[in-house]
Structures are given as structure tokens and as C-alpha cells.
Amino acid sequence: MKFLAVCGFGVGSSMVLKMTLDKVVKELGIDATVENTDIATAKATKADAYFTSAELEKDLEQSTDSPVYPIKRYMNKDEVEEALKKYLATKED
């Protein structure tokens, strides 16, 4: 699996979100790659799921068929884990 943490420029908040996603992926024992990137690159990059701010959610959703999960608190492991579990639940069907 490939997950993208997305922000406007791809260097600040997306890096923080990536680090939190990395922790959650490891704790859940998921075989996945987590990368951080800017919105323009994310639109051109295929991923299984995207994690971003609510402000970028709609823009990103228009550019991909993969699910986009808005995150309010990038350092909140519980919030990120909940979003990741929502994605994983869609794969169990």
C-alpha cells in the first residue's frame, strides 16, 4: 500500500502528518509506504489513500479516484489511526 500525506508545499505539515502516519502504520503492522508531498505532486501521484487538511480535501478529491481523508490535528495519533482504520475497513469488503 502507498499513502500520501499532503500539504500545500510538501515540506511542513505534510512531514508532521507523515511521521504520525508512519507510527500508526507500524503499530498496526501494515505493510505500507508513507510519503509526504505537495498538493500539485499529489494530484499526479497514484496512492491507495491520501491524508490532508480539510482545506485541500475537495481539490484533491477532484483529481483522484482514491479516498482522501481530512486530518485536523496532524500530530494526534488517535485521529490519524481512526482515519487509517476507515480506509482499511473499505478493503475488508
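The values are calculated or read from the model by the stated rules, or taken from the named source; none is laboratory data. Note that this is a predicted model, so its numbers are computed, not measured. Here Cβ is always computed from backbone atoms with ideal geometry, including for glycine, and neighbour counts include all displayed protein chains. For accessibility, only protein heavy atoms count, side chains too; no ligands or nucleic acids. Shrake-Rupley method; radii C 1.70, N 1.55, O 1.52, S 1.80 Å.
Return yes when Y74 is open to solvent by 20 Å² or more (accessible area, probe 1.4 Å), of a type in the set (F, W, Y), assigned to a loop (DSSP other than H, G, I, E, B) and at negative phi and no when it is not.
Details: open to solvent by 20 Å² or more (accessible area, probe 1.4 Å): yes; of a type in the set (F, W, Y): yes; assigned to a loop (DSSP other than H, G, I, E, B): yes; at negative phi: yes.
The answer is yes for Y74.
Any idea how many residues of the stretch 34-63 are touching a residue at least 24 places away in the same chain (Cβ under 8 Å) and charged (D, E, K, R)?
Narrowing the stretch 34-63 to residues touching a residue at least 24 places away in the same chain (Cβ under 8 Å): 34-39, 41-42, 45-53, 56, 60.
This time we only want the ones that are charged (D, E, K, R), so: 35, 38, 46, 48.
Number of matching residues: 4.
Criterion first (β-branched (V, I, T), in contact with a Ser or Thr (Cβ under 9 Å, 6 or more places away or on another chain), surrounded by 16 or more Cβ atoms within 10 Å (Cβ to Cβ) and in a helix (DSSP H, G or I)) does V24 satisfy it?
Working: β-branched (V, I, T): yes; in contact with a Ser or Thr (Cβ under 9 Å, 6 or more places away or on another chain): no; surrounded by 16 or more Cβ atoms within 10 Å (Cβ to Cβ): yes; in a helix (DSSP H, G or I): yes.
When the stated conditions are applied, V24 does not pass them.
How many of the residues in the stretch 27-52 are part of a helix (DSSP H, G or I) and buried (at least 22 other Cβ atoms within 10 Å of the Cβ)? Don't jump to the end; show me each part of the working.
From the stretch 27-52, those part of a helix (DSSP H, G or I) are 27-28, 39-43; that's our starting set.
Filter again for buried (at least 22 other Cβ atoms within 10 Å of the Cβ), leaving 42.
Number of matching residues: 1.
Residues K26, K2, K72, K86: which one is of a type in the set (K, R) and more than 14 Å from the chain's Cα centre (by Cα)? Steps first, answer last, please.
Numbers: K2 fails: more than 14 Å from the chain's Cα centre (by Cα); K72 fails: more than 14 Å from the chain's Cα centre (by Cα); K86 fails: more than 14 Å from the chain's Cα centre (by Cα).
From the options K26, K2, K72, K86, the qualifying one is K26.
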